[in-house]
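Working notes, structure below.
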Amino acid sequence: MKRFIEFFIKNAVFTHTLFIIVIISAVIAYKNVAKELFPPATLDKILIQGAYPGASPDTLDKMAVTQIEDDLKSYQEVSSIESVIRNGSFTVTVNLKPNANKLELLSEFKTITSNLKKDLPSDMSEPTVTIAKKAFPLMFISVASDVLNKDQLLNHADEIKKILSQIKDLTQIDIRGDSDKNIYFELNNKKIEALGINKSQLINVLSQVSTIFPVGKIEGNKHYFISMYSKDVDDFKNMIIQVGNVKIRLKDIAEIKKEYATPTQIGKYNGIPNITIDVRKGETGDAIAISKKIRNILKEYHQKHPEITFGISTDTSKWVRNRFNTVVSNIIFGLILVFFIMWLFLNWRISLVVTLGIPTSFAIAMIALDYYNFSLNLLSMLGALIALGMIVDEAIVVGENIYRHMEMGKSKTQAAIDGTVEVFWPVVAAAMTTILAFVPMLLIKGEIGVFIKILPVMITILILSSLFEAFVFLPLHSKEILKVEHSRKDIFWEKFSNFYKKLLMLFFRFRYLALLFFLVIVPLLIALGMKHSKFQLFPDFDASQIYVNGKFESNYTITQTAEAIKKIEKDLKKYLGKDVEGFTTVVGMQMNNKGEANVGENYFHIFVDLHDKKPTDFYNKFIAPIFQPIKVEHQSRTHTAQQLAQNFKKDFSHIKIPGMVELNVIVPQAGVVKSDIVISIGGKSQEEIIKAIKELEAKMKTIKGVFNIYDDAELGADELKLRINPYGQKLGFTQAGLFNELRGFFAEAEYDKTFDKDGIVKIILKDKNKDSFEELKTFRVNIPNTNQYIELDKICDFVITKAFKKIHKYDGIAAKTVYATLNKKIITTADFYEKVNPLIEKFKKEGLTILIGGAAKTSKAFVKDLKEAMIVAVLMIFLILVLMFNSAVLPFIIISVIPLSFLGVIAGNMIMDMNMTMLGMIGIVGLAGVVVNDGIVMVDFIKRAKNMDELFEFASHRLRPVLLTSITTFFGLLTLMFFPSGQSAILQPLAIALGFGLAWGTVLNLFYLPIFYYILRRKQLHA
């Protein structure tokens, strides 16, 4: 190892050249690395999706979903199955166990759906099977005009889509508010009957009026491709068809027209109807740069077409920009703080050498990110911020030790070599213990594991980068920059070291009393603190969006819903200005508290985009803007998202809209869990389920701090089942024959296709009066094997059933779900379930199935995984220490500091008025690696002592590096602990756990550790 270090010190030109290459490579890597909101993640899920228009949820369940679920249950790799069945479509989400072979299972699940095809209707497509993957929404573009019609707007939207498609990093561009233009044959039932036309034969003929398939080709002297001529509306009107012995022009029995299908969604921007373009990016690409490019494209397009106005909403690049600004400004400010702390305690030369190591470490890490195809996102950047104080530790220990050897009178080259070699293994061990504390977090399973995976990876990359810098570049920089300079600081450290020695002697005088305090009183305080600590999965923070959503009675059409919410949009318009940037309305969809989209004509969802919040604290107001690489404008908002949400609720409470059954105002929070409370109830009958849900919701309304209570137990449209009666059976009617005849008139289904200038056009058949119940009852069907008709209600019984609009199944159990949001300052998830558990137990005794989801389910799984990660971390750290010290006693002494340091975490949460959170607990695991670093440095020196006096002397030699590493780490986390802004508040609990835990851990390492070491090794020391 000595030769390795000598090589880089003595070959200065090579080392400097390597340093320059690293910096240049880092700049190139930075340009290549994708910048996005969250890291890309392939989830351990496979989706099976199918559709059959007109089918009820109950029919689809029996026809396809139950069979798929039964087949899936035989796979050991399947963890759980969740199915959502709506009118006309279904999605089965297969949750896989960790490390399952997704590609192999994908192939096998496709075989399941392929085998199912024989039991499905012939005109139903085979269900699709795909691996679930996190999407990367970039922005919504609203295209509106006061003078253009829908056709013209759609043409412009198509043109913009084509232009945007040329941006290589965009993977998905969808036009919302668009709908297909179809040719409709509206059949006149009375005319058909008057002409004595057989309706089954008519439907068969109409399904063959056009074809889009090529006929063939001629390859003679001249080549010809043969196809059928495409027909338009006039061609169909004048077409002569023959049904049995009857020849007739099509226009005589049907009204033929070309028009848009009813849209599944209607979009608005600031209350004005528009066409919305949903833009999504791939795993690569800079969200900030792409957003800027798109804005420039739209600006140029508007100049050419001033009648078109654009609005941009849900621009996630703004969130990326804000996080990037936060991290970069904090890192630069942290660098300055570290430099001044080092300068304050040592001298400017050591400060420069150590501080220079931080950007170098980041440069090496940037190259690694690019090489391994990681992105710069919220978690990776905040992971860098967390690691800021840690990566300087190696540089401090090495740099301070080289300086100490220079003070001993050695030459600069020799001091650089000896000082580095002397602390090589302790520094490597310290770095490895920190890495091993964070790496076991990769054991955390599920979506949370996917969500936080980049955090330990980023910290590991940075610590390894700092280790490389400390042994390759820092010794040479120390040799060239450091110079022994005696100053008042040396006198200060001498006096402070003597003070520490005297204080340590005082502790040793009462060592058993001190040990009693550390090993009995401190654990008791920790236990007491943990007992009174409240837990929430993620901390609350100021968001940049507010959701306003709801639903109307199930019989509302999409047009009626769009018209009815105008009162809500009118109220929102008055907030446009300093607080609200704009709002996008999507009619026909509602995001529920699980992050899923409920689809239906009676739903609506309004995304309210907020301006950036005006900074209020000194740091974010005056200091951070100086170091932000991207200047931010329009920081005009003076209210938090939570305050605005309360204002919205007050305004909406005065609005009375007929038919509205639900109106929610939600401040979305980060993380994989979108809802605090998710309780699913399953039972034998829907009456039982509805009764239990009403009872549960009534109880929840009495609990303070619980709001946004709603459920998905919405009854859908009545299902009308036709049952052929005995008379109909005698006449020879069968279900299949009746189905074929009625479907052409009432399904509004596709029966054929043709072409127009834009592509394929569907031909849709329907009865002119299909939406009339009386029309169905008196609809005359052909009696089999005759030319006679008979009314439908004479051969069929009409059985009307009421069913849920959506069926949600968990591992095959159908259940309805109640959602709610909690005010964490008033009540936590654990407190909530303590209050409702008696009612839940009552439901279970009544035979109902209760499934707990949301934060409670995720927390339970997370805590279990984290305990395993903690055990693995401590064991791995212990193993490294045993290897380093060749002893089991010394590692035990160092490891004993870990649980005692938890008191600092509890105290930090109390001081900062924070609940314990998921990331706070991750911080505790990380603390295990950070807090032992100083212990390694301390024990590595005091183990050389032969008596108590030498122990005091060696301990005082380590005072300066121990204090400096702790203080720099604490100050590196300072801004995140005390001045978090926006989504960076997610990691505040982690920073508090590390910062305050390390502060108390430093006290333990300086006093408890020498005392405990002495008591366990006193026989050797007296020898």
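Just one of the listed residues (Ala514, Ala543, Ala527) is modelled with pLDDT under 90, open to solvent by less than 80 Å² (accessible area, probe 1.4 Å) and either out of contact with any Lys or Arg (no Cβ under 9 Å at 6 or more places or on another chain) or assigned to a helix (DSSP H, G or I) (or both), namely Ala543. Return yes or no: is Asn620 open to solvent by less than 50 Å² (accessible area, probe 1.4 Å) and not small (Gly, Ala, Ser)? Considered against the rule, which asks whether it is open to solvent by less than 50 Å² (accessible area, probe 1.4 Å) and not small (Gly, Ala, Ser), Asn620 comes out as yes.
Tally time: how many residues in the stretch 613-633 are in contact with a Ser or Thr (Cβ under 9 Å, 6 or more places away or on another chain) and outside any loop (DSSP other than H, G, I, E, B)? Qualifying residue count, the stretch 613-633: 8. Across the stretch 197-230, the qualifying residues are those that are polar (S, T, N, Q) and part of a loop (DSSP other than H, G, I, E, B), and the one among them that is farthest from Phe746 (Cα to Cα) is Asn221. Here Lys231 meets each of (1) more than 30 Å from Leu195 (Cα to Cα); (2) in contact (Cβ under 8 Å) with a residue 60 or more places away in the chain; (3) open to solvent by less than 70 Å² (accessible area, probe 1.4 Å) with one exception, condition (1). Selection within the stretch 696-717: residues that are assigned to a loop (DSSP other than H, G, I, E, B) and open to solvent by 30 Å² or more (accessible area, probe 1.4 Å). The member of this set that is farthest from Ile546 (Cα to Cα) is Ala717. Residue selection: Lys566 satisfies the criterion of being over 29 Å from Val320 (Cα atoms), modelled with pLDDT of 90 or more, surrounded by fewer than 14 Cβ atoms within 10 Å (Cβ to Cβ) and among the basic types (Lys, Arg). From the list Ile606, Ile626, the one residue that fits, being within 23 Å of Lys292 (Cα to Cα) and β-branched (Val, Ile, Thr), is Ile626. Just one residue in the set Val22, Val33, Val13 is surrounded by fewer than 16 Cβ atoms within 10 Å (Cβ to Cβ) and at pLDDT 80 or above; that residue is Val13. Do the conditions hold for Lys684, that is, is it assigned to a loop (DSSP other than H, G, I, E, B), out of contact with any strand residue (DSSP E or B) (no Cβ under 9 Å at 6 or more places or on another chain) and farther than 21 Å from Pro838 by Cα? For Lys684, the condition - assigned to a loop (DSSP other than H, G, I, E, B), out of contact with any strand residue (DSSP E or B) (no Cβ under 9 Å at 6 or more places or on another chain) and farther than 21 Å from Pro838 by Cα - is met.
Tell me, which strands (runs of 3 or more DSSP E) lie completely within the stretch 50-167 with 3 or more residues that are touching a Leu at 6+ places or on another chain (Cβ under 7 Å), more than 30 Å from Ile272 (Cα to Cα) and touching a residue at least 40 places away in the same chain (Cβ under 8 Å)? It would help to see each step written out before you state the result.
Numbers: elements: 78-86, 89-96, 128-133, 137-144.
Correct list: 89-96, 128-133.
How many residues are open to solvent by 20 Å² or more (accessible area, probe 1.4 Å) and part of a helix (DSSP H, G or I) if we restrict to the stretch 723-741? Matching residues across the stretch 723-741 total 9. For the stretch 773-892, the strands (runs of 3 or more DSSP E) that sit wholly inside it and include 1 or more residues that are within 30 Å of Asn189 (Cβ to Cβ), touching a residue at least 12 places away in the same chain (Cβ under 8 Å) and among the polar types (S, T, N, Q) are 780-782, 796-801. Restricting attention to the stretch 83-101, the residues being of a type in the set (D, E, K, R) and surrounded by fewer than 19 Cβ atoms within 10 Å (Cβ to Cβ) number 1. Looking at Ile693, Ile763, just one residue is under 30 Å from Glu259 (Cβ atoms), touching a strand residue (DSSP E or B) at 6+ places or on another chain (Cβ under 6 Å) and either open to solvent by less than 30 Å² (accessible area, probe 1.4 Å) or not in a strand (DSSP E or B) (or both), and that residue is Ile763. When the stretch 350-385 is filtered for residues that are of a type in the set (Ser, Thr, Tyr), part of a helix (DSSP H, G or I) and open to solvent by 40 Å² or more (accessible area, probe 1.4 Å), only Tyr371 remains.
Restricting attention to the stretch 703-715 and to residues that are out of contact with any helix residue (DSSP H, G or I) (no Cβ under 9 Å at 6 or more places or on another chain) and farther than 12 Å from Ile827 by Cβ, the residue that is modelled with the lowest pLDDT turns out to be Glu714. Looking across Phe339, Phe362, one residue alone is within 26 Å of Lys631 (Cβ to Cβ), of a type outside the set (S, T, N, Q) and free of Cβ contacts under 8 Å to residues at least 24 places away in the same chain. It is Phe339. In the set (1) in a loop (DSSP other than H, G, I, E, B); (2) within 30 Å of Val84 (Cβ to Cβ); (3) touching a Gly at 6+ places or on another chain (Cβ under 8 Å), the condition left unmet by Val599 is number (1). Restricting to the stretch 742-760, count the residues that are in a helix (DSSP H, G or I) and exposed (fewer than 15 other Cβ atoms within 10 Å of the Cβ). So the answer is 0.
So if I check each of Asp811, Asp793, which one is among the acidic types (Asp, Glu) and more than 37 Å from the chain's Cα centre (by Cα)? Spell out the reasoning first.
On the way: Asp811 fails: more than 37 Å from the chain's Cα centre (by Cα).
Criteria check complete, one pass: Asp793.
Of all residues in the stretch 276-301, those being touching an Asp or Glu at 6+ places or on another chain (Cβ under 8 Å), aliphatic (A, V, I, L, M) and either open to solvent by 10 Å² or more (accessible area, probe 1.4 Å) or in a helix (DSSP H, G or I) (or both) number 2. For the stretch 302-331, the set of residues classified as surrounded by fewer than 18 Cβ atoms within 10 Å (Cβ to Cβ) and touching a residue at least 12 places away in the same chain (Cβ under 8 Å) consists of His305, Glu307, Thr309, listed by residue number.
Taken over the stretch 181-197, the criterion of being under 18 Å from Gln242 (Cβ atoms) and among the aromatic types (Phe, Trp, Tyr) is satisfied by Phe185 alone. Looking only at residues in the stretch 477-494 that are in a loop (DSSP other than H, G, I, E, B) and more than 26 Å from Asn11 (Cβ to Cβ), the one that is modelled with the highest pLDDT is Glu485. Among the candidates Glu569, Glu601, Glu581, the residue that is under 18 Å from Thr276 (Cα atoms), of a type in the set (Asp, Glu) and touching a helix residue (DSSP H, G or I) at 6+ places or on another chain (Cβ under 8 Å) is uniquely Glu601. Taking the criterion of being within 24 Å of Ala717 (Cα to Cα) and open to solvent by less than 40 Å² (accessible area, probe 1.4 Å), the residues of the stretch 771-794 that qualify are Glu775, Leu776, Phe779, Leu792.
Can you confirm whether Glu255 is out of contact with any helix residue (DSSP H, G or I) (no Cβ under 8 Å at 6 or more places or on another chain), surrounded by fewer than 16 Cβ atoms within 10 Å (Cβ to Cβ), acidic (Asp, Glu) and modelled with pLDDT of 90 or more? Criteria met by Glu255.
The values are calculated or read from the model by the stated rules, or taken from the named source; none is laboratory data. Keep in mind it's a predicted model, so treat the numbers as computed, not measured. Positions of Cβ are backbone-derived with ideal geometry, glycine not excepted, and every protein chain shown enters the neighbour counts. Only protein heavy atoms, including side chains, enter the accessible area calculation; ligands, DNA and RNA are left aside. Shrake-Rupley method; radii C 1.70, N 1.55, O 1.52, S 1.80 Å.
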